[in-house]
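Accompanying notes for the structure given below.
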2 protein chains.
Amino acid sequence: MVASGEHRAVSVRDVAALAKVSLGTVSNVLNHPEAVSAATQARVQAAMAELGFVRNESARQLRAGRSRTLGYVMLDGSNPFFTDVARGIEEEAEANDLSLYMCNSDNRAERELSYLSRLEQQRVQGILITPSDANAPILDELPRRGTPLVIVDRTREADTHCSVAVDDVLGGELAVDHLVELGHERIAFVGGPTSIGQVRERREGAFKALAKAGLDPDRLVEVETNGLTVAEGRGAGERLAGLPVRGRPSAVFCANDLLALGLLQQCVSMRIRVPEDLAIVGYDDIEFASAAAVPLTSVRQPRRQLGRTAAALLLRETRDRDHRHEKVLFTPELVVRRSTRS
Amino acid sequence: MVASGEHRAVSVRDVAALAKVSLGTVSNVLNHPEAVSAATQARVQAAMAELGFVRNESARQLRAGRSRTLGYVMLDGSNPFFTDVARGIEEEAEANDLSLYMCNSDNRAERELSYLSRLEQQRVQGILITPSDANAPILDELPRRGTPLVIVDRTREADTHCSVAVDDVLGGELAVDHLVELGHERIAFVGGPTSIGQVRERREGAFKALAKAGLDPDRLVEVETNGLTVAEGRGAGERLAGLPVRGRPSAVFCANDLLALGLLQQCVSMRIRVPEDLAIVGYDDIEFASAAAVPLTSVRQPRRQLGRTAAALLLRETRDRDHRHEKVLFTPELVVRRSTRS
DNA sequence: CCCGGTGAATGAAAGGTTTCAATTGAGCTG
DNA sequence: CAGCTCAATTGAAACCTTTCATTCACCGGG
């Protein structure tokens, strides 16, 4: 047992000395126990326990040339969606005996850059990222310098990375198909800013659904927001309520659940009945969607699986000698609840 | 520019060769630029850029004997409370130019253990943890072997660690004080299992408030749950509604917001008016508390500051020569919203 | 002209691990 | 018992960085 004052770290050398073997043997006990006789193993293990030996990961990494860690740079740590994706990544990492660095860029380019640089210096095996800008040049530089990188929940035209995403156009289509089937003709889309790819694609899906149903796409009422938050959803609710009754929609498709929850809350406080006066569809199916006062119809994405698959692609890229980039596109699913079903 | 095939890592040695200086000089450019002439610095910088040099953090760590990273093992990654605490820790880490390993034990002892062991092997500067069991022996072993450890959102009798927590007894008291002031006499407490310290303390606060008001503490209606989730909250709502009208409480204090939200949802679907028929107080003041159909009165904890303070204590412990453990206790605050205000 | 001083650059050593070619020793065959 | 095999063990080298004592070159003062 080490005295609690000065801590000179216990190294394999110390263990070797106590067990009266060479330090190579100690290393073998740790990494190739089959090559060491049982008696020696026991002696070494005893010495390790007595000294409180803890492997030094830095030295291992240095020797190995790469770490046993992945990095995940997420766009928004306070959004349950990304937390769930992280969970999937974590599962896959754990299954491969790897650690995971989780970083939160908070949608700020400079934080993102700083984290990426850190991860590169750490020599992580690879990086998963939901980038704030899918065209940032750093995303190309990292793989070129030897750190594989997989893009999560975004895609890119060019064939430069593996990526994993969900078909947001289809998701938008599912949502509006559902509303059309229920007989709604005057439908609103709430979301923004349009700089966000997801918002554009989900809206595009809405247009497609309308066109398919033979409705005039121009009649889609668009309410643009400045972000995908509950507060913005409330604001959108006020604006919708302010429309002249003739032009007011009977159904709304929101670009995500936070918007939808804010909108719902605003409706309740303004005595607009959901779904009788206004049907609402959200997107993401976060946990609170089903827990809302009026449970929310929403488009579900396979979040965990998104993470697992992204991590699996990354691992394949690190192992394959000759690697071809792959883009995986998942299919979303509509979950119908009371907010559209009267 | 490196060819994209084989990647022999670029090291200071390569940079030195290209810049025609010794490798010690390259290191000086990185760590003590004031000791290097401007001309040489420029030459070295150019060489680094040309070769795409990336510092090897493992080697630095090995040389330095410790990493430049903290570790945070959180109890439940999908609970917004812990995400916010993490955010605070991250801020403090960033301010000190440290990285942060975020790990999610998911309230499972074996995962917790595995992460702690990993962090120790990484030679992190220190560990922050919300332990599943505050008395686990590993919590003592780590500091003894040289890794400082701070306990977050829990306290311990013994004076063995720094810790940061919020006064949960006071929080419970605030909640029930408020209900008593509104004239409620028959009050329920919803929460469980009682193996969770927070649940016990918040309930104790409720008792204190009742006693203080001269009400018989035995009249507190206790509804024990199997966890702190939305689903459990719904179940509690059903049980409350099943009580004979005479014994039914007019107000409920829930051990956290998830329970409260579930309860609220159940009330709405059973046409129990909130707050007219039943007033509800939650705990944590998560974002969705204010976004609920009936905005929720809740007890707010300084989550970010909890994280920041914990990290600051940890850093002080790593720096101070002679350290005395410190316990910080924050004060919660009642946020009144519509769920109690008719 | 020499000396001391100063600013800049050098090169070896250290840090803990893993790997691998080399060595040892025991057991077996002929 | 010589020669061989095989399993177990050894010890040195390599991974990359930082530090620090040393060296070098140059300048001004005596």
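Among A:Leu314, B:Leu116, A:Leu23, what is the fewest-to-most ranking by other Cβ atoms within 10 Å?
Numbers: A:Leu314 28, B:Leu116 24, A:Leu23 15.
Sorted ascending by nearby Cβ count, the order is A:Leu23, B:Leu116, A:Leu314.
Sorted by average packing, counted as other Cβ atoms within 10 angstrom per residue and highest first, what order do A:252-261, A:72-81 take? Kindly include the intermediate steps, with their values, before the conclusion.
Numbers: A:252-261: 29.8, A:72-81: 21.4.
Top to bottom by mean Cβ count within 10 Å: A:252-261, A:72-81.
Classify chain A as rounded, prolate or oblate from the Cα gyration tensor: take a ≥ b ≥ c as the square roots of its eigenvalues, call it rounded if a/c is under 1.5, otherwise prolate when a/b beats b/c and oblate if not. Write down the numbers at each step before the final one.
Details: a/c = 3.14, a/b = 2.55, b/c = 1.23.
Cα axes put chain A in the prolate bin.
First select every other residue whose beta carbon is under 15 angstrom from the beta carbon of A:Arg43; then total the charges, Lys and Arg +1, Asp and Glu -1.
On the way: positive: A:Lys20; negative: A:Asp14, A:Glu50.
Result for the local shell: -1.
Using modelled backbone amide H atoms (1.01 Å from N, in-plane), which distant-in-sequence or interchain residues come within less than 5 Å of A:Val252's amide H?
A:Ala188, A:Ala279, A:Ile280, A:Val281
Which trypsin sites (Lys or Arg not before Pro) in segment A:265-342 sit in a loop by DSSP (not H, G, I, E or B) and have at most 15 other Cβ atoms within 10 Å of their own Cβ?
Values: sites: A:Arg271, A:Arg273, A:Arg300, A:Arg303, A:Arg304, A:Arg308, A:Arg316, A:Arg319, A:Arg321, A:Arg324, A:Lys327, A:Arg337, A:Arg338, A:Arg341; in loops: A:Arg271, A:Arg273, A:Arg321, A:Arg324, A:Arg337, A:Arg341.
Of the trypsin sites (Lys or Arg not before Pro), the ones in loops of segment A:265-342 whose Cβ has at most 15 other Cβ atoms within 10 Å are A:Arg271, A:Arg273, A:Arg321, A:Arg324, A:Arg341.
Taking the convex hull of the Cα atoms, report for segment B:67-131 its projected area averaged over all directions, in nm².
Working: hull surface 15.1 nm².
Reported value for the Cα convex hull: 3.8 nm².
Classify segment B:168-302 as rounded, prolate or oblate from the Cα gyration tensor: take a ≥ b ≥ c as the square roots of its eigenvalues, call it rounded if a/c is under 1.5, otherwise prolate when a/b beats b/c and oblate if not. Numbers along the way, then the final one.
Values: a/c = 1.32, a/b = 1.10, b/c = 1.21.
Because its axes are fairly even, with a/c under 1.5, segment B:168-302 counts as rounded.
Quote the charge dipole size of the protein assembly as shown about the Cα centre in Debye, to the nearest 20; the model charges only the Cβ of Lys and Arg (+1) and of Asp and Glu (-1). It would help to have the intermediate numbers written out before the result.
Numbers: 86 positive and 94 negative charges, 198 e Å.
The dipole magnitude comes to about 960 debye.
So what are the ³J(HN,Hα) numbers for segment B:250-263, from phi and the Karplus equation (6.51, -1.76, 1.60; θ = phi - 60°), rounded to whole Hz, Gly and Pro as x?
Computed from phi, the couplings for segment B:250-263 are 9, 8, 10, 10, 9, 5, 7, 6, 4, 4, 4, 5, x, 4 Hz.
Are there any trypsin sites (Lys or Arg not before Pro) in segment B:59-168 that are in a DSSP loop and have at most 13 other Cβ atoms within 10 Å? List them by number.
Values: sites: B:Arg60, B:Arg63, B:Arg66, B:Arg68, B:Arg87, B:Arg108, B:Arg111, B:Arg118, B:Arg123, B:Arg144, B:Arg145, B:Arg154, B:Arg156; in loops: B:Arg66, B:Arg68, B:Arg108, B:Arg123, B:Arg154, B:Arg156.
Here the trypsin sites (Lys or Arg not before Pro) that fit, given the DSSP loop and packing criteria, are B:Arg108.
Provide the FRET efficiency to the nearest 0.05 for the B:Arg271-A:Asp216 pair, computing r from the beta carbons and using R0 = 41 Å. Mind showing how you got there, number by number?
On the way: r = 40 Å, r/R0 = 0.98.
The computed FRET efficiency comes out at 0.55.
Describe numerically, in nm with one decimal, the distance between label points set 7 Å from Cα along Cα→Cβ at B:His325 and at A:Ala95.
So the label points at B:His325 and A:Ala95 sit 4.0 nm apart.
Count charges around B:Arg248 for me, please; just the other residues with Cβ under 10 Å from its Cβ, Lys/Arg as +1, Asp/Glu as -1.
Values: positive: B:Arg186, B:Arg246; negative: B:Asp277.
Taking every other residue near B:Arg248 into account, the sum is +1.
Put the label 7 Å from Cα along Cα→Cβ for B:Glu224; what are its distances to the other copies, in nanometres, shortest first?
Those label-point separations list as 5.7 nm.
Once R0 is set to 22 Å, what does the formula 1/(1 + (r/R0)^6) return for the Cβ-Cβ distance between B:Ala49 and A:Arg108, expressed as a FRET efficiency to the nearest 0.05? Display every interim value, and only then the final one.
Values: r = 25 Å, r/R0 = 1.14.
It comes to 0.30.
Considering only the other residues whose Cβ falls under 14 Å of the Cβ of A:Glu276, what net charge follows from Lys and Arg at +1 and Asp and Glu at -1? Don't skip to the answer; put the middle values down first.
On the way: positive: A:Arg248, A:Arg271, A:Arg273, A:Arg338, A:Arg341; negative: A:Asp277.
My count for the surroundings of A:Glu276 gives +4.
Estimate the FRET efficiency between A:Ser290 and A:Ser342 by the formula 1/(1 + (r/R0)^6), using the beta-carbon distance for r and 25 Å for R0, to the nearest 0.05.
Numbers: r = 18 Å, r/R0 = 0.72.
Here the calculated transfer efficiency is 0.90.
Take every Cα pair under 8 Å in chain B that's 6+ residues apart, average their separations, divide by the length, and report that relative contact order as a whole percent.
Numbers: 618 pairs, mean separation 57.2, N = 342.
Answer for chain B is 17 percent.
Please list, in chain and number order, the residues 5+ apart from A:Met74 or on another chain whose amide H is under 5 Å from its amide H, with Hs placed from the backbone.
Amide H neighbours of A:Met74: A:Cys103, A:Asn104, A:Ser105.
Against the longest alpha carbon principal axis of chain A, how many degrees, from 0 to 90 and to the nearest 10, is the axis of helix A:197-212 turned?
The answer is roughly 40 degrees.
Which chain A residue hugs the A-B rotation axis most tightly by its Cβ, and what is that distance in angstrom, to the nearest whole number?
Spelled out, residue of A and its Cβ distance from the axis onto B: A:Ala293, 1.
Enumerate the amide H contacts of A:Leu334 below 5 Å, restricted to partners 5 or more residues apart or on another chain; note that Pro and chain-start residues carry no placed amide H.
A:Arg300
In degrees from 0 to 90, rounded to the nearest 10, what is the angle of the helix A:303-319 Cα long axis to the longest principal axis of chain A?
Taking Cα atoms only, the helix is inclined about 40 degrees.
For chain A, which span is the longest to avoid every loop-located (per DSSP) member of GluC sites (Glu not before Pro) having at most 11 other Cβ atoms inside 10 Å? Write out the running numbers ahead of the final one.
On the way: sites that count: A:Glu6, A:Glu157, A:Glu276.
Excluding the exposed sites themselves, the longest stretch runs over A:7-156.
Once you have a ≥ b ≥ c as the square roots of the Cα gyration tensor eigenvalues for segment A:1-155, tell me rounded if a/c is under 1.5, and otherwise prolate or oblate according to whether a/b is larger than b/c. Before the final figure, lay out the partial values.
Numbers: a/c = 2.69, a/b = 2.53, b/c = 1.07.
Because a/c hits 1.5 or more and a/b exceeds b/c, segment A:1-155 counts as prolate.
Inter-copy label distances at B:Gly247, 7 Å along the Cα→beta-carbon direction, one decimal in nm, shortest first?
Nearest to farthest, the other copies are at 5.8 nm.
If contacts are Cα pairs under 8 angstrom and at least 6 residues apart, what is the relative contact order of segment A:12-55 in percent? List each step's numbers first, then the result.
Values: 34 pairs, mean separation 17.9, N = 44.
Relative contact order comes out at 41 percent.
What is the projected area of the convex hull of the Cα atoms of segment B:12-55, averaged over all directions, in nm²? If you can, show how the numbers build up before the last one.
On the way: hull surface 10.1 nm².
Projected over every direction and averaged, the Cα hull of segment B:12-55 covers 2.5 nm².
Assuming 0.36 nm per residue, please report the length gained on full extension of the stretch B:Leu182 to B:Arg239 beyond their Cα-Cα distance.
Details: separation 57, 0.36 × 57 = 20.52 nm, distance 2.40 nm.
Taking B:Leu182 through B:Arg239 to full extension adds about 18.1 nm, to one decimal.
Step through the residues of segment B:175-187 one at a time and calculate ³J(HN,Hα) from phi using the Karplus curve (6.51 cos²θ - 1.76 cosθ + 1.60, θ = phi - 60°), rounding each to whole Hz and writing x for Gly and Pro.
4, 6, 3, 4, 5, 5, 4, 6, x, 6, 10, 10, 10
Over the protein assembly as shown, how many percent of alpha carbon pairs lie in each 10 Å bin up to the one with the longest distance?
All Cα pairs, binned at 10 Å, distribute as 3, 13, 21, 22, 19, 12, 7, 2, 0, 0 percent.
In whole Hz and in residue order, list the ³J(HN,Hα) couplings for segment A:73-87 that follow from phi through the Karplus curve 6.51 cos²θ - 1.76 cosθ + 1.60, θ = phi - 60°; x for Gly and Pro.
9, 9, 6, 8, x, 9, 8, x, 4, 6, 4, 6, 4, 4, 4
Just to confirm my numbers, what's the Cα centroid distance between segment B:242-267 and segment A:98-113 in Å?
40 Å
How high is the relative contact order of segment A:3-142? Use alpha-carbon pairs under 8 Å, at least six apart in sequence, and give a whole percent. Present the calculation step by step, with values, prior to reporting the outcome.
Numbers: 148 pairs, mean separation 31.6, N = 140.
With pairs under 8 Å counted, the relative contact order is 23 percent.
Bear in mind these aren't lab numbers, they're just calculated from the coordinates by the rules spelled out. Everything numeric in this text was worked out from a predicted model, so none of it was measured. Cβ sites come from the backbone with ideal geometry, for glycine too, and all protein chains shown count toward neighbours.
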